[in-house]
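Chemist: Got a structure for you, written out below as structure tokens; questions coming shortly.
The values are calculated or read from the model by the stated rules, or taken from the named source; none is laboratory data. Computed from a predicted structure; not experimentally measured. A quick note on method: Cβ atoms are made from the backbone with ideal geometry, for glycine too, and the neighbour counts reach across all protein chains shown.
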Amino acid sequence: MFDAHPPEAYVGGRIDESDVLAAFPLLMQQIFGITVDPAADPPASVDEALSLLRLPGAASQVLGDYRRFMRVWQHNHSVLKRWYPDETYDGPVTIFEASDAEDAELLDRLRIKRVGKGPWRTHLTGTLRIEPVPGDHYTMFADPSNVKALGEAWNRVLEV
């Protein structure tokens, strides 16, 4: 798993589209380094949120990809807020844990508790391996040097 928060991080507090839209500027800053005016009102729609990205000349395909990303991200988060495992998993699990802290304000807006990766152990009867990798929850996939290190960590895990 890639920096997966344990179920305990999501317990309590549902979110809806307005919560996701309010978190959107922080998410864009976290993923793309795009700064959105913190004093601005939260976007009222996904299209308004995408307009904050100021992607001049972006192909409609790119905007469509971002719209789909937002829908999938919101759906996944909503499902995680409602799910809690009712059985343990009996197999090996590796978590590639980002070494940099995730933005606290973003976690608060999404109602994700900061509980670390340790609680995963309560959901497993198999082994848990936590493999540290550089970056945060998002930049571990975005920064080329982080991606290279993630690939090297992946190879180490597969060699065992």
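Chemist: Could you please find all residues in the range 8-21 being in a helix (DSSP H, G or I) and either crowded, with 17+ Cβ neighbours inside 10 Å or aromatic (Phe, Trp, Tyr) (or both)?
Modeler: Ala9, Asp19, Val20, Leu21
Chemist: For the range 102-160, give me every one of the helices (runs of 4 or more DSSP H) that falls completely inside it and has 2 or more residues that are touching a residue at least 24 places away in the same chain (Cβ under 8 Å) and within 29 Å of Glu87 (Cα to Cα).
Modeler: Those helices (runs of 4 or more DSSP H) span 144-159.
Chemist: A follow-up question, please. On the given criteria, is Leu26 closer than 24 Å to Leu150 by Cβ, part of a helix (DSSP H, G or I) and within 17 Å of the chain's Cα centre (by Cα)? Steps first, please.
Modeler: Details: closer than 24 Å to Leu150 by Cβ: yes; part of a helix (DSSP H, G or I): yes; within 17 Å of the chain's Cα centre (by Cα): yes.
Here the answer is yes, as Leu26 does meet what is asked.
Chemist: Shifting gears a bit: Return the residue satisfying two criteria in turn: it lies in the range 110-160 and is of a type in the set (Ser, Thr, Tyr) and surrounded by fewer than 17 Cβ atoms within 10 Å (Cβ to Cβ), and of such residues it is nearest to the chain's Cα centre (by Cα).
Modeler: Selected residue: Ser145.
Chemist: Filter the range 63-99 down to residues that are of a type outside the set (S, T, N, Q), over 18 Å from Arg121 (Cβ atoms) and at pLDDT 95 or above, then give me how many there are.
Modeler: Residues meeting the conditions: 1.
Chemist: Give the number of residues within the range 136-152 that are closer than 17 Å to Gln30 by Cβ and either polar (S, T, N, Q) or touching an Asp or Glu at 6+ places or on another chain (Cβ under 6 Å) (or both).
Modeler: 4
Chemist: Lys81: part of a helix (DSSP H, G or I) and either in contact with a Pro (Cβ under 6 Å, 6 or more places away or on another chain) or closer than 23 Å to Glu8 by Cβ (or both), yes or no?
Modeler: yes
Chemist: Please count how many residues of the range 22-41 are under 20 Å from Val72 (Cβ atoms), free of Cβ contacts under 8 Å to residues at least 60 places away in the same chain and surrounded by fewer than 17 Cβ atoms within 10 Å (Cβ to Cβ).
Modeler: 1
Chemist: Quickly run through the range 76-103 and pick out the residues that are within 26 Å of Gly33 (Cβ to Cβ) and surrounded by 11 or more Cβ atoms within 10 Å (Cβ to Cβ).
Modeler: Of everything in the range 76-103, those that are within 26 Å of Gly33 (Cβ to Cβ) and surrounded by 11 or more Cβ atoms within 10 Å (Cβ to Cβ) turn out to be His77, Leu80, Ile95, Phe96, Glu97, Ala98, Ser99, Asp100, Glu102, Asp103.
Chemist: Taking the range 1-27 as the region of interest, how many residues are of a type in the set (A, V, I, L, M, F, W, C) and in contact with a Ser or Thr (Cβ under 9 Å, 6 or more places away or on another chain)?
Modeler: 4
Chemist: What residue, of Leu124, Leu106, is more than 30 Å from Ser18 (Cβ to Cβ), aliphatic (A, V, I, L, M) and either in contact with a strand residue (DSSP E or B) (Cβ under 7 Å, 6 or more places away or on another chain) or at pLDDT below 95 (or both)?
Modeler: Being more than 30 Å from Ser18 (Cβ to Cβ), aliphatic (A, V, I, L, M) and either in contact with a strand residue (DSSP E or B) (Cβ under 7 Å, 6 or more places away or on another chain) or at pLDDT below 95 (or both) holds for just one of Leu124, Leu106, which is Leu124.
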